[in-house]
Amino acid sequence: MPGVDAVLLGPYDLSASLGQTGKLDHPAVVAAIDRVTTVCKAAKMPLGYFGVTAAAVKPFIERGYSLIVAGVDTLLLGVAAKRLLADLE
């Protein structure tokens, strides 16, 4: 598509759109991600993926995704705050 420079998959939004909210391993979600991957690679379109953890995005890095969004600000702040509180005990 002219004017599109890359595709960034948001698996949570995708799963919700497919009626499988939060079920990232659901066969319909996996199939949709596989389809987008295949089409984008064939078109030499850069691919991106969002994941909450490093473990969530690493498989997509291995699949050739180059635009990676990892983590959520509120979760990262919460983890850091818990660590700080634990260090103060």
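The values are calculated or read from the model by the stated rules, or taken from the named source; none is laboratory data. Here the structure is a predicted model, which is why all the values come from computation and not from measurement. No Cβ is skipped: glycine too gets one built from the backbone with ideal geometry, and neighbour counts run over all protein chains shown. For accessibility, only protein heavy atoms count, side chains too; no ligands or nucleic acids. Shrake-Rupley method; radii C 1.70, N 1.55, O 1.52, S 1.80 Å.
Quick notes on this one:
- Every condition in (1) in contact with a helix residue (DSSP H, G or I) (Cβ under 8 Å, 6 or more places away or on another chain); (2) crowded, with 16+ Cβ neighbours inside 10 Å; (3) at pLDDT 95 or above is met by GLY48 except one, and the failing one is (1).
- You will find that of VAL39, VAL29, the residue that is of a type in the set (A, V, I, L, M) and either open to solvent by less than 40 Å² (accessible area, probe 1.4 Å) or in contact with a His (Cβ under 6 Å, 6 or more places away or on another chain) (or both) is VAL29 and no other.
- The residue of segment 52-76 that is farthest from ILE33 (Cα to Cα), among those that are loosely packed, with under 11 Cβ neighbours inside 10 Å and not small (Gly, Ala, Ser), is THR74.
- Pairs where the first residue, in segment 66-89, is of a type in the set (A, V, I, L, M, F, W, C) and the second is open to solvent by 80 Å² or more (accessible area, probe 1.4 Å), C-beta under 8 Å, 6+ apart: LEU67/LEU8; ILE68/ILE61; VAL69/LEU8
- The lone exception for VAL4 - which of (1) over 30 Å from LEU77 (Cα atoms); (2) at pLDDT below 95; (3) surrounded by 14 or more Cβ atoms within 10 Å (Cβ to Cβ) it fails: (3)
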